[in-house]
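Just below is one structure, and these are the notes that go with it.
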Amino acid sequence: MKALLLGKNVCVLATVSGATPHCSFMAYITDENCREVYMFTRRDSKKFANVTKNRSVSLLVDSRGVSDPRRIQALTVSGVFKPIGDPLKRARIRKSFLSRHPHLKELVDHPDAELLRVRIDSFLLLDGPSKAYFVEVEA
């Protein structure tokens with residue numbers, strides 16, 4: 001599960017406003033232990049409005065593009081949005097994010113940019129058409 005999360009760099013972020021889900025294609029990085037996922041968005045986005053009202057989120061990372069459809073994997077990551085107040089930690093994450101996603105510098109440097117941190121609560125890995133594995137992450 002960690003190998004898939006570390007090996008990819010884009011996901012689908014699902015947030016919720018009331019009963020209405022909202023999905024966004026996002027670039028991400030993780031911490032080295034896969035306990036947290038980091039993404040950038042703008043404060044005027046629907047996803048940011050959603051996570052400020054309902055901190056529960058879900059991410060989908062998959063192995064699409066694999067030539068053998070029996071080898072496709074899909075990882076659902078469930079977690080909670082947690083703002084980061086520490087400016088040194090924010091700067092460190094920003095630097096790591098831009099190292100992996102230099103094409104997103106304009107977004108990250110925008111005055112309205114916001115760093116989203118998701119603390120991971122669980123993983124659900126679908127491995128091929130019939131295998132599934134679930135793991136809860138201890139806090």
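For this structure, a couple of remarks:
- Ranked by the mean number of other Cβ atoms within 10 Å of their residues, highest first, the peptides 84-93, 129-138 come out as 84-93, 129-138.
- Most positive-pole-ward Cα, Thr76, Leu104, Leu6, against dipole of the chain from beta carbon charges: Leu104
- Separation in nanometres of the label points that stand 7 Å from Cα toward Cβ, at Ile72 and Glu32: 3.5
- Remark: spin-label model distance Arg43-Asp112 equals 1.0 nm, labels positioned 7 Å along the Cα→Cβ axis.
- GNM on the chain, alpha-carbon springs under 10 angstrom: the most fluctuating residue among Ser17, Ser67, Ser78 is Ser67.
- Residue-count net charge about Pro129 - beta-carbon cut-off 12 Å; Lys, Arg +1, Asp, Glu -1: +1
- Listed from fewest to most Cβ neighbours within 10 Å, the set Leu13, Leu115 follows the order Leu115, Leu13.
- Relative packing of 25-31, 105-111, which averages over residues the other C-beta atoms within 10 Å, highest first: 25-31, 105-111
- Averaging the sequence gap over all C-alpha pairs within less than 8 Å and six or more residues apart, then dividing by the number of residues, gives the chain a relative contact order of 26 percent.
- Taking a ≥ b ≥ c as the square roots of the eigenvalues of the Cα gyration tensor, an a/c ratio of 1.5 or more together with a/b no larger than b/c marks the stretch 3-113 as oblate.
- Given +1 at the Cβ of Lys and Arg, -1 at the Cβ of Asp and Glu and no other charges, the dipole of the chain around its Cα centre is 180 debye to the nearest 20.
- 222 nm mean residue ellipticity, helices alone, for the chain (DSSP H n ≥ 4; -39,500 (n - 2.57); rounded to 500): -6500 deg cm²/dmol
- The lysine pair count for the stretch 2-136, using Cα distances under 23 Å and pairs eight or more places apart or on different chains, is 21.
Readers should treat all values here as calculations from the given coordinates under stated rules, not as data from a laboratory. All of these numbers come straight from a predicted model, not from anything done at the bench. For neighbour counting, all protein chains shown are included, and Cβ atoms are generated from backbone atoms with ideal geometry for every residue, glycine included.
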